[in-house]
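First the structure, in the form of structure tokens, and then the observations on it.
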Amino acid sequence: MASEILSAEGLRCDGRRPQEMRKLKCELGISEGADGSALVEQGYTKVLVSVFGPHECANRNTRNHERAIISCSYNLASFGSAIRKKKMNSDKKSTEVGVMIQNTFEAAVMLEKFPKSQIDIYVQVLQGDGGERCVAINATTLALINAGIPMKDYVCACAATVYQDSVLLDINNLEESSRGPLFMLAVMPRTESIVQLQLDHRLHNDHLDKVVKETIQGCRDIQVLLDRQVKEWTVEAAAAYDIKPRV
Amino acid sequence: MTTRLSNAEIQYIVDGVEQDFRSDGRGAEDYRQIELETRVLPNTNGSARCKLGKTEVLVGVKAEVVDVDVHAPHIGKLVITADCSAVASPKFVGKGSEALENDLTNVLSFLYNSTNTISLKDLCIVKGESCWQLHVDVLFVQCGGNLFDVASIALKAALYSTTLPIVKVSGEGIEMEMEVSDDPYHVWKLDVSNCPICITLYQIGGGFAVDPSEEEVACSEGFVHVGVQPNGDMSSMEKAGAGNIDPTTLLEMVEVGVRVGEEIHKQLNKQLDAEKSLAKL
């Protein structure tokens, strides 16, 4: 089990180097019924996010007169995990991740522009192979951009673990289930401000600085790819109106 | 998802259907273009994605070895579950989708209820002991009408793409050992030559049509689900929705349903076979 995580030659179980990220594929606007949507694949983890809004608040009691509120729902498909999971409407983990994503984007979205409104974020994990929360955050960023909702910056997330003094970035399911620390970071890359940080299991203080630096770099790398896709999509979408945007 | 139409629009659509010339130029028996892709989820034993109009469905088949049912010790199990994802519509958050999901689950399960649709005997590993249980999960990623048809097509494609590892059984009684093969190429595929698909016919005014758009659904009264097998046999039938259908129209609808179903099966089988000739795994 031990040598599966990192071999003697310095290769991980899927052939990556420690700081190598998984292949990222993303697409905007794939769900026509939603105001904004995006599909992001990192390795075998596939997450689809739909954004509805800003629209009138569904519940008058939760309405905020100064800013919009965000409501987020996170769901893992029954066939998404290695062992089939029966669909549960509100299991603890899904609710927790939903709240985490909501808090993340409350920091990034310019909510003051839409008082008394509501923005709905629906996350559907189609396939989970590690880092589902991170891929969900990346996909939500793209979906919000697709919906035209103004944000202060991209929010990019990356998960890492430490194994034998090496930091392994963008961990997959096997690496997540090893007994090492699970460090997740969501960052606004331009200002390098941390929007969300989660650590599970134990991480030695000596490794903290290294892990934070490398994970932020991972997030910056993700931002470059997401930005490239957004620009491509903008040019394509504008072409339908015969507009050539400057990107 | 609620379409609001004026009386003039409703009249226009109803007249169109009755004269076999719908708003988008289709006849009453014409389907829109169906987009189908199999093996989209590497985590599963079989999967398919199907898109028709504004409806998109993802089906995943996962298999596990379980104990046989005491009342049916010589066959395996097939469990079909439908799930409407919140990404399709805000109405589907939490318990909002329960009614629709139950409806879909029931219709799709009913479709495969008869014994000659899929051979459950093939799924038996050791009679009286173990069998394969196939969990078929139908996930609606976009809901834009005609859900049952799209789901049934994706279901058949997913079952077609399902590969199950070969199990080696040695010994008998207490010393029996089952070895499930690890080799990804040491697999067998299900026989889906009799699997049905659901054709839904909507009654619109004095006529009826298949594959309605959202506007046409808003003008319809009742609808009939017909489960059609490739050889033209009917595996199930159900009338649903509000509205009455007189017996003559019902027989006509079923006849059309079976005819359309056979044609779709032909096209579907052709495309699935064509995909087989593409690169493996």
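Using equal-weight Cα scatterers in the Debye expression, the normalised intensity of segment A:1-124 in log10 at q = 0.11, 0.13, 0.23 Å⁻¹ is -0.54, -0.70, -1.33.
Close amide H partners of A:Gln127, meaning residues 5 or more places away or on another chain with modelled amide H under 5 Å apart, are A:Lys46. Between the alpha-carbon centres of segment A:8-82 and segment B:6-53 there is a gap of 28 Å.
In order along segment B:181-195, phi translates into HN-Hα couplings of 5, 8, 5, x, 9, 8, 9, 10, 10, 6, 8, 9, 5, 10, 5 Hz, rounded to whole numbers, per the Karplus curve 6.51 cos²θ - 1.76 cosθ + 1.60 with θ = phi - 60° and x for Gly and Pro.
With the cut-off at 1.5 for a/c, could you classify chain B from its C-alpha gyration tensor as rounded, prolate or oblate? Since a/c reaches 1.5 and a/b is larger than b/c, the shape of chain B is classed as prolate. Size of segment B:125-281 from its Cα atoms: along the principal axes, largest to smallest, the extents are 66, 37, 30 Å.
Computed with every protein chain present, the accessible area of B:Met234 is close to 90 Å² [probe 1.4 Å].
Rolling a 1.4 angstrom probe over segment B:56-98 with all protein chains present gives an accessible area of which 56% lies on carbon and sulfur atoms. Note on B:Ala240/A:Asp209: beta-carbon distance plugged into 1/(1 + (r/R0)^6) with R0 of 60 Å gives a FRET efficiency of 0.45. A helix-only calculation puts the protein assembly as shown at -9500 deg cm²/dmol for mean residue ellipticity at 222 nm, using -39500 (n - 2.57) for each DSSP H run of at least four residues, averaged over all residues.
The distance linking segment A:177-229 with segment B:165-217 is 42 Å (Cα centroid to Cα centroid, whole angstrom).
For the peptides B:118-127, A:122-131, the ranking by packing is A:122-131, B:118-127, with the highest mean count of neighbouring Cβ atoms within 10 Å listed first.
Quantify how strongly other chains surround peptide B:132-142 by giving the mean number of their Cβ atoms within 10 Å of each of its Cβ atoms.
Whole-number average of other-chain Cβ neighbours for B:132-142 is 4.
Measuring nothing but how far apart in sequence close Cα pairs (under 8 Å, 6+ apart) lie, relative to its length, segment B:79-121 scores a relative contact order of 38 percent. In sequence order, segment A:55-69 has phi-based couplings of 9, 4, 4, 5, 10, 5, 6, 8, 5, 10, 6, 9, 8, 6, 10 Hz under the Karplus curve 6.51 cos²θ - 1.76 cosθ + 1.60, θ = phi - 60°, and Gly or Pro positions carry x. Between segment B:219-281 and segment B:112-146, the alpha-carbon centres lie 19 Å apart.
What shape does the protein assembly as shown have by the C-alpha gyration tensor, where a ≥ b ≥ c are the square roots of the eigenvalues, rounded means a/c under 1.5, and otherwise prolate means a/b greater than b/c and oblate the rest? Taking the square roots of the gyration eigenvalues as a ≥ b ≥ c, the protein assembly as shown is oblate. Once all protein chains are placed together, B:Val167 keeps about 30 Å² accessible to a 1.4 angstrom probe. For segment A:13-107, which GluC sites (Glu not before Pro) are in a loop by DSSP, counting at most 13 other Cβ atoms within 10 Å? Passing both the DSSP loop test and the Cβ count: A:Glu32, A:Glu66. Look at the stretch B:76-86: the mean tally of other chain Cβ atoms within 10 Å of its residues' Cβ atoms is 3. Remark: relative contact order (segment B:47-159) = 50 percent; criterion is Cα-Cα distance under 8 angstrom and separation of 6 or more residues.
Divide the volume of the convex hull around the Cα atoms of segment A:91-247 by the residue count and you get 138 Å³ per residue.
The values are calculated or read from the model by the stated rules, or taken from the named source; none is laboratory data. Quick caveat: nothing in here was measured; it's all calculated off a predicted structure. When we count neighbours, we look across all protein chains shown, and the Cβ atoms used for this are built from the backbone with ideal geometry, even at glycine. Areas reflect the complete protein model, heavy atoms only, side chains present, ligands, DNA and RNA absent. Shrake-Rupley method; radii C 1.70, N 1.55, O 1.52, S 1.80 Å.
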